[in-house]
1. Does the range 316-369 hold any residues that are part of a loop (DSSP other than H, G, I, E, B) and among the aromatic types (Phe, Trp, Tyr), and which are they?
2. Going through ASP183, ASP133 one at a time, which residue ends up being assigned to a loop (DSSP other than H, G, I, E, B), touching a helix residue (DSSP H, G or I) at 6+ places or on another chain (Cβ under 9 Å), modelled with pLDDT of 85 or more and surrounded by 15 or more Cβ atoms within 10 Å (Cβ to Cβ)?
3. Determine, yes or no, whether GLY210 is surrounded by 16 or more Cβ atoms within 10 Å (Cβ to Cβ), in contact with a strand residue (DSSP E or B) (Cβ under 7 Å, 6 or more places away or on another chain) and at pLDDT below 90.
4. What do you reckon, is TYR321 within 30 Å of ILE119 (Cβ to Cβ) and in contact with an Asp or Glu (Cβ under 9 Å, 6 or more places away or on another chain)?
5. Just the residues that are at pLDDT 75 or above, under 22 Å from the mean Cα position of the chain (by Cα), polar (S, T, N, Q) and surrounded by fewer than 20 Cβ atoms within 10 Å (Cβ to Cβ), please, taken from the range 358-382.
6. Test of understanding: among SER322, SER299, which residue is modelled with pLDDT under 80 and either surrounded by fewer than 19 Cβ atoms within 10 Å (Cβ to Cβ) or of a type in the set (Ser, Thr, Tyr) (or both)?
7. From the list LEU202, LEU189, LEU152, which one is of a type outside the set (D, E, K, R) and not in a loop (DSSP other than H, G, I, E, B)?
8. Would the range 349-356 turn up any residue that is of a type in the set (D, E, K, R) and touching a Pro at 6+ places or on another chain (Cβ under 6 Å)?
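The values are calculated or read from the model by the stated rules, or taken from the named source; none is laboratory data. If you're wondering where the values come from, they're calculated on a predicted model, not measured in any experiment. In this analysis, Cβ positions are derived from the backbone assuming ideal geometry, glycine residues included, and neighbour counts consider all displayed protein chains.
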Amino acid sequence: MTRQCSFMLLGTLALLGVPASTHASQGFEAGGERRPTSTAKGELVNRAVETTPEIRQEGGTASSTDCNDSGTPDPLDIADGTSLDCNGNEVPDECEVAIRNDYSFVVDPPEPILDGVTISRTFNIPEGGTVLDVDLGVTLTHEFLGDLIISLTHGEITVDVYYYGPCGDCPGTCGFGGTLFDDEAVATLPCVAMNEGIFLPLEALSAFDGLDAAGEWTLEIFDGFIGYEGSLTAWSLSIESTLADCNLNAIPDDCDIAGITSDDCNANLIPDECDIASGSADCNDNGVPDGCDVFGGASIDQWASTVLDFSSEYTPSPGHYSAAQALGPPDTFIYCDCGSAWAPLQFDGTQEFISVGFDQPVFADGVTIRETQGNGFVTRVELID
């Protein structure tokens with residue numbers, strides 16, 4: 001019997017008695033059932049641990065000396081103030097070329113690819129900017145490549161780069177030896193024993209073009225048939241994106257924030273005017289998020305520090321699965337039956353709650369609740385002064 005985490009969470013925040021509208025956030029961590037559940041493509045497993053990714057960034061300069069077609073050489077545009085060059089690379093900001101970031105991951109030990117199971121690897125990319133091009137690299141071995149579906153997901157978009165073939169079995173072990181799926185490739189998979197090189201994906205990776213590069217990118221590999229197995233040993237992402245320019249002023253956001261055109265009062269690497277445009281309150285219309293007006297520029301992100309009340313706990317505090325495990329920064333980073341998150345006593349059919357406190361009074365504009373396992377639902381969150 002699986003344990004269902006169906007509970008009500010009451011996050012009691014130490015506030016100043018004003019509406020939750022400005023820049024601060026709270027959070028705590030909760031877990032649920034004792035046994036892994038299954039996804040539509042099979043059981044989600046996370047046994048292997050990836051090494052710290054190798055990250056390479058490539059940039060460049062515009063190919064033309066009049067990149068903005070102003071009729072004036074770029075150095076003169078910069079010299080007379082027609083164009084800004086915030087990073088001092090002698091290229092007008094409006095002509096800054098895209099940046100390509102390469103992320104490489106070694107899966108050590110190799111992740112088994114088992115019959116009827118989906119393996120999943122996720123990497124969170126912090127850099128913003130609009131996606132221009134995505135390439136996916138995969139290194140794996142398998143006894144029958146026709147068993148596999150290989151997909152990449154970002155946001156609400158999933159692209160199947162390889163889907164149940166066309167490659168089948170081969171003498172000995174088959175595989176992808178550092179195979180790069182690239183829309184600009186000219187060749188399709190040759191379906192030899194070890195497919196090495198750059199090949200066209202089944203579905204175009206250009207489906208990601210235009211999205212924000214920041215956020216989670218997830219590789220999934222599903223073995224849909226019985227009889228043959230393999231392992232994943234490495235994967236990679238290569239993403240070309242524009243420099244972030246949230247206010248569309250043709251100046252990269254990091255240069256805006258450096259003091260040329262924009263402030264970043266809460267140090268979240270987003271110009272204040274973009275914070276306000278995306279929903280941060282500015283009740284006096286002074287161009288400064290209210291949280292900075294109140295706290296003099298301080299931005300506060302904090303995690304629950306005290307358990308005030310709870311409906312039940314699987315073991316007494318401060319033991320594993322106890323209510324005390326909801327305190328502090330997250331320490332459970334995979335979907336698992338882990339004692340490092342709070343779990344109620346009963347498996348199913350109950351409505352549970354936990355009430356937690358925070359050290360610093362804030363004008364809160366967000367609450368983060370991490371559920372680490374189970375099919376329960378958060379039905380209500382209350383902020384109590």
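1. Going through the range 316-369, the residues part of a loop (DSSP other than H, G, I, E, B) turn out to be 316-322, 327-341, 343-353, 358-361, 363-366.
Listed by number, the residues that qualify are TYR321, PHE333, TYR335, PHE347, PHE353, PHE358, PHE363.
2. Details: ASP133 fails: assigned to a loop (DSSP other than H, G, I, E, B).
Sole residue among the options that is assigned to a loop (DSSP other than H, G, I, E, B), touching a helix residue (DSSP H, G or I) at 6+ places or on another chain (Cβ under 9 Å), modelled with pLDDT of 85 or more and surrounded by 15 or more Cβ atoms within 10 Å (Cβ to Cβ): ASP183.
3. On the way: surrounded by 16 or more Cβ atoms within 10 Å (Cβ to Cβ): no; in contact with a strand residue (DSSP E or B) (Cβ under 7 Å, 6 or more places away or on another chain): yes; at pLDDT below 90: yes.
Taking the combined requirement at face value, the residue does not satisfy it.
4. Working: within 30 Å of ILE119 (Cβ to Cβ): yes; in contact with an Asp or Glu (Cβ under 9 Å, 6 or more places away or on another chain): yes.
For TYR321, the condition - within 30 Å of ILE119 (Cβ to Cβ) and in contact with an Asp or Glu (Cβ under 9 Å, 6 or more places away or on another chain) - is met.
5. Within the range 358-382, THR368 is the sole residue that qualifies.
6. Numbers: SER322 fails: modelled with pLDDT under 80.
Every option except SER299 fails the conditions.
7. Working: LEU202 fails: not in a loop (DSSP other than H, G, I, E, B); LEU189 fails: not in a loop (DSSP other than H, G, I, E, B).
Of the residues listed, the single one that is of a type outside the set (D, E, K, R) and not in a loop (DSSP other than H, G, I, E, B) is LEU152.
8. First, the residues of the range 349-356 that are of a type in the set (D, E, K, R): 352.
Subsequent filtering for residues that are touching a Pro at 6+ places or on another chain (Cβ under 6 Å) retains 352.
Yes, the range 349-356 has at least one match.
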